[in-house]
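The values are calculated or read from the model by the stated rules, or taken from the named source; none is laboratory data. Keep in mind the model is a prediction, meaning the values are calculated, not measured. For neighbour counting, all protein chains shown are included, and Cβ atoms are generated from backbone atoms with ideal geometry for every residue, glycine included. With ligands, DNA and RNA removed, areas are computed over all heavy atoms of the protein, side chains included. Shrake-Rupley method; radii C 1.70, N 1.55, O 1.52, S 1.80 Å.
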Amino acid sequence: MTTYREFAMKMVVWSFILAIPYVVRAQNTVLQLWGKGVPGAITNKAYVQGTQWDALGNIRGYSKVSQPDLTLFLADSTIGNGTSVVICPGGGYSHLAINKEGYKVAKWLNTLGVSAFVLKYRMPSDKIMKDKTIGPLQDVQEAIRIVRRNAKKWKVDPDKIGIMGFSAGGHLAATLSTHYNWLTYPPIDNVSAKPDFSILIYPVVSMQDGVTHQGSKKNLLGKNPSKSLIEAFSNANQVDSDTPPAFLVHATDDTAVPVMNSLEYYLALKKWDVPVEMHLYERGGHGFGLGISGTNANWPQDLKQWFQANNYVKNDSVYLFSYFKDNGEDGLHLAYSEDGYTWESLKNDTSFLTPRVGKDSLMRDPCIIQGGDGLYHMVWTVSWTDKGIGYASSKDLIHWSEQRYLPVMDHEKGTRNTWAPEITYDRVAEQYMIYWASTITDKFPETRSVKENGYNHRMYYTLTKDFKTFADTELLFDPGFNVIDATIEKVDDGYLMFLKDETVVPEQKNIKMAYSETLNGPYSTLGLPITGDYWAEGPTSLKVDGKWIVYFDKYVDKEYGAVQSTDLKKWEDISGQINFPKGARHGTVFKVPRGLLSQLKTIK
């Protein structure tokens, strides 16, 4: 027999469980959509909203919605770039699967830095609406306008507001995308209801028999809609050149909403040259939400990549720049950039690692790459007149291994220096090539100059798999002139080398290019300089949004410069568009995960 105490405890537990939905929802602001009354509404006290719950007492969905609202899921502005999405859950225009296709999706979007607004829109019904065909459209138009009006307050970009819909919510999203300028109610201002992009997940697009979802069609348009009404709400037929770009997801075995809905919308967008991306999965059926199993579970990752490609979210990777200051006495400096143009120093522009090896204990020209083992490997110039280089490795760029001196030219009699070493990792051979510039007395006398202490460099290299054992040093490149500061990038099926022509007479002091089908050469004859009428050294390169950028040290002018190209043939000087830390000298650009940058930012 249950005692009063046991009964009371059960009531407390159930009270807590039933309170969960309200506690969870209370964490997010909920705005009533129509503060001054719902347009075209019919008062009907008998039409009462229904709420569906799951086994754990969480809100699963709503039916008979007559009072629409917007639940705010604002993203952390430090990880986003202002993109927001209004979400329309599905439910055949009879109910809303608001948890699976609303709240859960909003929370996931927040992890990408995207603010989300879950729309609880009205169910089309003659019992509460003078014109039920436009009731949901009124709600979604106003939802977009509300987000755009409050863009500054909510820290979102008014030009990066998207619409997202699932199933019948996908029809509503597509309707907004093609009918955003329909005057369905008198707006309070001239704020646009046009979304900047649309995301349609197994959407109902057509109202035509044989393609449509009959339940959605009947609920929205009635039992016997006119041909003109069917045409108006068959959204593929309403696409034009002003329709926003779209991302489409569907499963080919969807028996509830045929895949032809997405195909029609895709083809219509292509006809009008509107950007569109579509992902069709062999299996998945209907209503898979964020995806549980099978290939349909991949669509969130595909959407994330689409977001990144269109600058709707920040990339997972950011750019770092390793450099030195003054003569390299204090060691390694790091700066970061989101876009490859503006660079900000880390750790208040103080050193992350103090040099300990070499004749002069310097850390000039620090080159860092991430290897196949996941470690960050760094080499650097330790002295003006040494026969070796410095080496260290790190998991996080904060804690470093013991520094080692690598005597890469110790065997070569007459070696005067080893300058500006770099590393390139060969993923096919699973080995590293370290290369640098050295002058060897009495070699290449035809290009020796009496100026600048008679230095007359060529590029040399060694190979290693573990930075413990090394192949014999060999000549990498003799272009027929004094050359230093080479850096190599993988391009298509070959390798591109950017290097400095160090010739003094006749004066060059510029950056040139060479090409090879294999990493260790032979490299092609060089073309014309890609830099201008100034002395440039220490090139490092990066590809940003399809454009190659080569940065270099304008060491006479004591500033950094850059040139840019889309085809590696025509180069534009963009020195005025970049911004590096004051006093930065010869370094290397590389990518790191955003999480690692967050760690580096904590170091003071």
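Note on the stretch 475-526: enclosed strands (runs of 3 or more DSSP E) holding 3 or more residues that are hydrophobic (A, V, I, L, M, F, W, C), open to solvent by less than 20 Å² (accessible area, probe 1.4 Å) and touching a Phe, Trp or Tyr at 6+ places or on another chain (Cβ under 7 Å) are 483-491.
Name the residue that is most open to solvent (accessible area, probe 1.4 Å), counting only residues in the stretch 67-105 that are over 17 Å from ALA151 (Cβ atoms) and of a type in the set (D, E, K, R). Among them, the one singled out is LYS104.
Does at least one position in the stretch 128-140 carry a residue that is closer than 19 Å to PRO300 by Cα and either in a helix (DSSP H, G or I) or out of contact with any strand residue (DSSP E or B) (no Cβ under 8 Å at 6 or more places or on another chain) (or both)?
No, the stretch 128-140 has no match at all.
A single entry from PRO89, PRO39 fulfils the requirement of being closer than 30 Å to LYS314 by Cα and at pLDDT 95 or above: PRO89.
If you take the residues of the stretch 384-412 that are free of Cβ contacts under 8 Å to residues at least 24 places away in the same chain and among the charged types (D, E, K, R), which of them is farthest from ASN327 (Cα to Cα)?
The residue in question is LYS395.
Okay, residues lined up against (1) in a loop (DSSP other than H, G, I, E, B); (2) under 18 Å from LEU334 (Cα atoms); (3) at pLDDT below 95; (4) polar (S, T, N, Q):
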site: GLY538; (1), (2), (3), (4): no, yes, no, no
site: TRP548; (1), (2), (3), (4): no, no, no, no
site: GLY576; (1), (2), (3), (4): no, no, no, no
site: PRO581; (1), (2), (3), (4): yes, yes, no, no
site: LEU600; (1), (2), (3), (4): no, yes, no, no
site: LYS604; (1), (2), (3), (4): yes, yes, yes, no
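Here are LYS509, LYS582, LYS543: which of them is closer than 29 Å to LEU463 by Cβ and not β-branched (Val, Ile, Thr)? First the steps, then the outcome.
On the way: LYS509 fails: closer than 29 Å to LEU463 by Cβ; LYS582 fails: closer than 29 Å to LEU463 by Cβ.
Matching residue, one of LYS509, LYS582, LYS543: LYS543.
Among the residues of the stretch 306-326, which ones are on the phi < 0 side of the Ramachandran plot, part of a loop (DSSP other than H, G, I, E, B) and open to solvent by 50 Å² or more (accessible area, probe 1.4 Å)?
ASN310, LYS314, ASN315, ASP316
For the stretch 344-370, a residue qualifies if it is under 18 Å from HIS399 (Cα atoms), open to solvent by 30 Å² or more (accessible area, probe 1.4 Å) and part of a loop (DSSP other than H, G, I, E, B), and the qualifying residues are THR350, THR354, ARG356. Can you tell me which residue in the stretch 71-113 is nearest to ASP157 (Cα to Cα), limited to those that are over 16 Å from the mean Cα position of the chain (by Cα) and of a type in the set (Ser, Thr, Tyr)? Going through the qualifying residues, I end up with THR71. For the stretch 256-305, a tally of residues being part of a helix (DSSP H, G or I), open to solvent by 20 Å² or more (accessible area, probe 1.4 Å) and either touching a Leu at 6+ places or on another chain (Cβ under 8 Å) or modelled with pLDDT of 95 or more (or both) returns 9.
Residues that are over 31 Å from the mean Cα position of the chain (by Cα), within 18 Å of SER351 (Cα to Cα) and not aliphatic (A, V, I, L, M) occur in the stretch 403-426; there is at least one. Residues in the stretch 230-251 that are touching a strand residue (DSSP E or B) at 6+ places or on another chain (Cβ under 6 Å) and not in a strand (DSSP E or B) were compared, and the one that is farthest from ALA297 (Cα to Cα) is PRO244. When the stretch 447-474 is filtered for residues that are part of a loop (DSSP other than H, G, I, E, B), modelled with pLDDT under 95 and polar (S, T, N, Q), only SER449 remains.
Of the residues making up the stretch 81-104, those that are under 26 Å from PHE288 (Cβ atoms) and part of a loop (DSSP other than H, G, I, E, B) are THR83, PRO89, GLY90, GLY91, GLY92, TYR93, SER94, ALA97, ILE98.
Within the stretch 187-220, the set of residues being open to solvent by less than 50 Å² (accessible area, probe 1.4 Å), not in a loop (DSSP other than H, G, I, E, B) and not polar (S, T, N, Q) comprises PHE197, ILE199, LEU200, ILE201, GLY215, LYS217, LEU220.
Kindly evaluate GLY532 against the criterion of being closer than 14 Å to LEU499 by Cα, loosely packed, with under 15 Cβ neighbours inside 10 Å and touching a strand residue (DSSP E or B) at 6+ places or on another chain (Cβ under 7 Å).
On the way: closer than 14 Å to LEU499 by Cα: no; loosely packed, with under 15 Cβ neighbours inside 10 Å: yes; touching a strand residue (DSSP E or B) at 6+ places or on another chain (Cβ under 7 Å): yes.
Spelling it out, it is not the case that GLY532 is closer than 14 Å to LEU499 by Cα, loosely packed, with under 15 Cβ neighbours inside 10 Å and touching a strand residue (DSSP E or B) at 6+ places or on another chain (Cβ under 7 Å).
Scanning the stretch 572-591 for residues that are of a type in the set (Gly, Ala, Ser) and either open to solvent by 20 Å² or more (accessible area, probe 1.4 Å) or more than 15 Å from TYR319 (Cβ to Cβ) (or both) yields SER575, GLY576, GLY583. Only residues that are buried (at least 17 other Cβ atoms within 10 Å of the Cβ) and either modelled with pLDDT under 95 or in a helix (DSSP H, G or I) (or both) were counted in the stretch 150-171, giving 6.
When you go through ASP386, ASP410, ASP373, ASP396 one by one, which is the residue that is outside any strand (DSSP E or B) and in contact with a helix residue (DSSP H, G or I) (Cβ under 8 Å, 6 or more places away or on another chain)? Please lay out each step first, then the result.
Values: ASP386 fails: in contact with a helix residue (DSSP H, G or I) (Cβ under 8 Å, 6 or more places away or on another chain); ASP410 fails: in contact with a helix residue (DSSP H, G or I) (Cβ under 8 Å, 6 or more places away or on another chain); ASP373 fails: in contact with a helix residue (DSSP H, G or I) (Cβ under 8 Å, 6 or more places away or on another chain).
One residue alone meets the criteria, ASP396.
Do we have LYS223 as open to solvent by 60 Å² or more (accessible area, probe 1.4 Å), over 30 Å from ASN150 (Cβ atoms) and part of a helix (DSSP H, G or I) here? It is false that LYS223 is open to solvent by 60 Å² or more (accessible area, probe 1.4 Å), over 30 Å from ASN150 (Cβ atoms) and part of a helix (DSSP H, G or I).
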